[in-house]
Ligand SMILES: Cc1cc2nc3c(=O)[nH]c(=O)nc-3n(C[C@H](O)[C@H](O)[C@H](O)COP(=O)(O)O)c2cc1C
Ligand code: SF4
Ligand code: FES
């Protein structure tokens, strides 16, 4: 019995196979856990420890370092409003305050209906449309209180379901296939190629 | 007047709505650079990059060719692309990964060929969900197209490329922290020495780390030659560069312009670029190269956008992001927000950075929100001095990485330029702008 | 031009030319030159990380003088360093001020108050005034992160000593940093608490009061503590310890940084079983192992009743004298918990007064004493640095924890090749170069295969692995250390003895480290507490006597009428308790012991003896190192030391042995056998000497930043004692000579055919078992695991069970019900059952399965 659903377990194993060492798959696996459950559960951490050859404490320690991983349940939509320098200069703080009022929850909190979790973020690298808002790590180009309220309305009514998947789903494009290059296999090939190039260089030099 | 005649090297496809697709890419000369590179010796490709004098675009401005050649002696094991872009007000790599992912992928393959590595990673900031999907799509297509995998375009060169999502931590942009994150750990920067991942990098093996924009220049350099690139710009600052302009300007955005030939004023005021300050107000200060950089006053607006030119005036071009603050801006609030950022993003290893950032943030908060004391201003400077002794530029360090010593820049700049604003906050019992 | 003979480099330290070792850390080079650089995260027994930044000093470089962490930078020739400049002072003061900014400064209520590196350095370097007026960081007060350890996160200074210890030294990161920046905190996982058997070390090296031991919390203030240096006897590694008490109450044990032995580390059994020493004063039932025996007892009308020493001695003498009147009528079992002086005195008594050759310090759960004595020995250091280590043991982490810590680093880094004889689980398995799967009963055949490099198919060995292992041993075994113990208690010892003997004969240049587990078992054997052995590692080939199991047989047969039990609990130590019970029922028993136990149900006289921390003397660890144990507290009631008991008992026989005190006994050992004793006893704060080896060592000066809590350099951490070489003097041994392999009788044993559906039992040991030490300690008793029968997944599938299912475990002797567990480290065809774990219904599982006459134990499992 694994905590990951069968299809996700399959993807987890594929992810591990993309790296020379299993532990490297830690962050992708934590994202995967979040895709399944919306946050990183204790059971998921135990399974990731097993997949990456680490201890559950190390998985927790690593997960807790990164802002995107939530170790407690969050809303279906995690709304992030940037207040860093460019957004500050464009009214980010006011937009955050407005968001808090609209959603009826404090920064870091979750709305009463469990749909929204509000966060104050650091710079989201989209400063030309400041203040920047992200929902589940999708840029939603929402810079004014009015646009924000419209966004919340759209989200509530499922009008953005295509653009904004539930929290945790990060990359919807799957990698097609695993690694194709086996470094061991390559050694001979490389030596040949080098010899060929050198031979060519010698003739060119003449 | 801004000088805008230079070629668009990395942003040439900006005019197309489908710039991220393989079809458009192939139509506009895509993968030609790679095909050409594969006909050359790896050393020749590296030599072209060396000849281009391409300075790394990640912030430190280290010449890419030199970085690669440091490794000639021992073969490189891995190539890692730094797409963590989290420096506040920097958004050029974000632009590149979303708008031209194939250009990045092609650049990486060319660099991998020059370095003769067989596995490369693109570490992308986790918040770039769309960018992650586009780069993954581009990688899938590149495999399909024969540009990745076994025997690329029928040559004897083979490469695997993996995109690795970050998860929200600014420090992972620091190259050794990035490697730790890629190894599945907390993003704690590694202690130096060894000074370069080139010596001990991913899994302890020689590794080249380069920025997304640095990589995106490769196809053009190979197609047009290093000399053509070096002919652009001036002095050590060759080529064009993406500048991310934000803050109190009419037309914020990412602009590719030639280095040195343009000034800060050109970038901010040219109608085709920044278009001037909102409401035509006066500029109070600019941040010339990311929030780690000391600020400039309006008197330096005519300084050319060149690495050495900015360094000579005691700051840096860094990540190429320029933030404009005008006369409506409260510099105390701006400084507080920058310090709050550093305090949130300190990885927490080093005492001066971990504890210093929190302490500075709390003092700045009091000054801005009420409760500030006159002596706080000098206390701030003294604490900064304990983090970056002497408050010089470039900073001296009491810490493992330069995040710690970066935070005094804005406090020191704001206090030296606008000390009276701080005192006004004390007298007013909070922010007079509120 | 390089000077070939020059082995040091020269650096300039504060303007003064100083010699240093090449590659040495600057912080240590400076210290050797008398310049102390403040520090927090640095710990001499772990890799430097340079995170606290307290040790910043100015180092000249190409870009002028820069601040560098002295704990991380290594010296090189010509380096110029300033540790005193204004810039250095300002940086260091700055770091200290930052550290204190968020620190609660609750020293008066903190366990660490008075022995705290942070407090000390604040007094030494701090300005005393705080410029921090902000609200401090707040966390919920102490949280239990494990059964034994509490964490107060507000006090933590993020030095990462504890997390590094867990990952780097113990190899099991059950705690790690969580969070980022100034919210970073030490944390276990939500699902697995910090119950590492090494957890106490993190408390010891924490440089503030963030990690505290539940057992010690609020029991004492440092300035009330008195301390002696001693040797831990919880297992045979013999870690050097500091024992502290407040008045006559034991409060704390700390690890001493002994270079050849434990390097400051201890396991939690050694550290946290002090309450077992005192016993629970409320318990007076002598059959309860948690009770202390404080007064002599005799059996009257079927009951053990308190009596006077004179009456008890008279009763004991009567029993022993009557039994000794018949040839072979009396014998002694036990003694591994004694000091060498106690063991020597009892040996003199049994052989000299009772004229019996039937004596044995082991309980049939160890290895043949003659074999042990005959093997060429390795020290712990030699094993830790060997090119190749071969283990014929159980899980060393469970059996001899600190030996595991010592062997681990080079094995993990690949510098030492590990070959494991693998029947059951082992914490080193994943680092082993080769793990040879061994079914119980097959160990000698596998040894033969290893020696030949080929194996019969039936053994199921991988050819490549076998060849690899064979090649690693070379022709003569040079550079190879065999660590040999008794891995499996459900298999007769002769099986593994034959294997060891074979390997010793085949590899003449290899050396052996005996991995016997019990506290002073090596000392007891060296003092002659085994048939044919003589004090001072002597051997008498002409003698013959019964070992422990043979004595039990003789008791059952009625040949041996009386048994002298030297400490311990016979029933808890023999594998086949049914066999032992039958023997005890038929003989008179005189028990000399400090603790109660089920065995006393059969005792006719019980003589109360002192136990560890109540007596002084010497002990010998598994590498043959003789070191001192020191009394810290007085014994409860009227318990006597063994030496005194022997002297008085001999009086009853009208004999004077001349061993009236510890000192006289130690002197007698040294003078009559040449075995180190009195010289070591007189030098209680040294790391002792290894028998037969030159003793040249230099102990580092105590570093209170690395080992906070150790009281002072007067009693701990002395400088060099080097130079005293003790070698065995053959003339001192009278007629005896040393045992050789030729004296070892062990021969290949035939293993009865196994039936295809049966599994062979591997019964390994666990650190936390149902022995006296653990049961007497409330905290550890909670950590005793439940008994399971563990199989690898092939056998589990074959059985059709999933982990957690309860199955019937059946042998010829009977059946018990146990839950199954999955463990792929268990070899195929093997069922692993840990001895001393807790069965749900309280049965002694091993006794219900294991028959002392069987070569191996086979079981059948049935799902229900
Ligand atoms: C705190 C910190 C954050 C950084 N963030 C980034 C980043 O987001 N992206 C980046 O390319 N380089 C970043 N760097 C610089 C990298 O360490 C490294 O110099 C760069 O990736 C090298 O690439 P380049 O030579 O192509 O510029 C950062 C450095 C520091 C100290
Ligand atoms: S300076 Fe700050 S961010 Fe950099 S390693 Fe030290 S604590 Fe981490
Ligand atoms: S940085 Fe050197 S002791 Fe902590």
Rg ratio (alpha-carbon, reference 2.2 N^0.38 Å) - region B:1-91: 1.33
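Taking Rh as the Kirkwood radius computed over C-alpha pairs, what is the Stokes-Einstein D of chain C at 37 °C in a medium of viscosity 0.692 mPa s, expressed in µm² per second? Walk me through the numbers on the way to the answer.
Working: Rh = 28.6 Å.
Translational diffusion coefficient: 115 µm²/s.
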Against the longest principal axis of chain B, how steep is helix B:42-52, in degrees 0 to 90 to the nearest 10, with axes from Cα atoms? 40
Per principal axis, largest first, the Cα atoms of region C:489-637 extend in Å by 51, 44, 31
Can you pull a Stokes-Einstein diffusion coefficient for region C:450-489 at 20 °C (1.002 mPa s), Rh from Kirkwood over Cα pairs, as a whole number of µm²/s? 185
What one gets for region B:22-230 as the Kirkwood radius, inverse of mean 1/r over different Cα pairs in Å, is 16.7
Compute the helix-to-body angle for C:577-586: its Cα long axis versus the longest principal axis of chain C, expressed 0 to 90° and rounded to tens. 50
For region C:451-501 and region C:159-225, write down the distance between their C-alpha centroids in whole Å. 39
May I ask you to sort B:245, C:250 by Cβ crowding, counting other Cβ atoms within 10 Å and putting the fewest first? C:250, B:245
Cα point-scatterer Debye curve for region C:392-440, base-10 log of I(q)/I(0) at q = 0.16, 0.18, 0.20 Å⁻¹: -0.39, -0.49, -0.61
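Scale the Cα Rg of region C:752-791 by the rule-of-thumb value 2.2 N^0.38 Å and send over the ratio, two decimals. Walk me through the intermediate numbers first.
Details: Rg = 15.0 Å, N = 40, 2.2 N^0.38 = 8.9 Å.
Rg over 2.2 N^0.38 Å, computed on Cα atoms: 1.68.
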Is the shape of region A:77-156 best called rounded, prolate or oblate, per the rule: a/c under 1.5 gives rounded, else a/b larger than b/c gives prolate, else oblate, with a ≥ b ≥ c the square roots of the Cα gyration tensor eigenvalues? prolate
Could you state the angle between the C-alpha long axis of helix B:331-345 and the longest principal axis of the C-alpha atoms of chain B, as a value from 0 to 90 degrees rounded to the nearest 10? 50
Dimensions in Å of region C:433-564 - Rg and Dmax from alpha carbons: 18.0, 55
Provide Rg and Dmax in Å for region B:233-326, with only Cα atoms included in the calculation. 11.8, 36
Over the alpha-carbon set of region C:293-403, divide Rg by the Kirkwood Rh and report the Rg/Rh ratio to two decimals. 1.11
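Can you pull the semi-axes for region C:787-829, root of five times each eigenvalue of the Cα gyration tensor, sorted largest first, whole Å? Walk me through the numbers on the way to the answer.
Numbers: eigenvalues 60, 26, 17 Å².
Ellipsoid half-lengths, sorted descending, are 17, 11, 9 Å.
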Using the reciprocal of the averaged 1/r over all distinct C-alpha pairs, how large is the Kirkwood radius of chain B in Å? 22.2
Just how far, in whole angstrom, is region C:735-807 from region B:271-290 if you go by their alpha carbon centroids? 77
Least to most buried among B:175, C:448, by other C-beta atoms within 10 Å and fewest first, runs C:448, B:175
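Run lengths n ≥ 4 of DSSP H only: what is the helix-derived mean residue ellipticity at 222 nm for chain B, with -39500 (n - 2.57) per run over all residues, to the nearest 500?
Numbers: 18 runs with 180 residues, N = 434.
Value at 222 nm, helices only, nearest 500: -12000 deg cm²/dmol.
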Hull shadow area, averaged, region C:805-850 [alpha-carbon convex hull, nm²]: 3.5
In whole Å, largest first, what are the principal axis extents of the Cα atoms in the protein assembly as shown? 120, 78, 71
Where does each of A:182-188, C:77-83, C:50-56 land if you order them by average Cβ count within 10 Å, highest first? C:50-56, C:77-83, A:182-188
In whole angstrom, and with the biggest value first, how far do the Cα coordinates of region A:1-156 range along each principal axis? 47, 31, 25
Tell me, rounded to the nearest percent, the portion of alpha carbon pairs in region B:297-434 spaced more than 27 Å apart. 20
With no solvent and one point per C-alpha, what does the Debye sum give as log10 I(q)/I(0) for region C:346-443 at q = 0.25 Å⁻¹? -1.39
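Take the alpha carbon atoms of region C:629-676, find their radius of gyration, then divide it by 2.2 N^0.38 Å using N residues; give the quotient.
Details: Rg = 12.5 Å, N = 48, 2.2 N^0.38 = 9.6 Å.
So the Cα radius of gyration is 1.31 times the expected 2.2 N^0.38 Å.
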Please check: in the Gaussian network model of chain A (C-alpha springs, under 10 Å), which one of A:137, A:157, A:70 has the largest mean-square fluctuation. A:157
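Taken together, the values in this text are just the output of simple stated rules run on the coordinates, not laboratory data. Because the structure is predicted, anything quoted here is derived from the model rather than measured. Cβ atoms come from the backbone with ideal geometry, glycine included; neighbour counts cover every protein chain shown.
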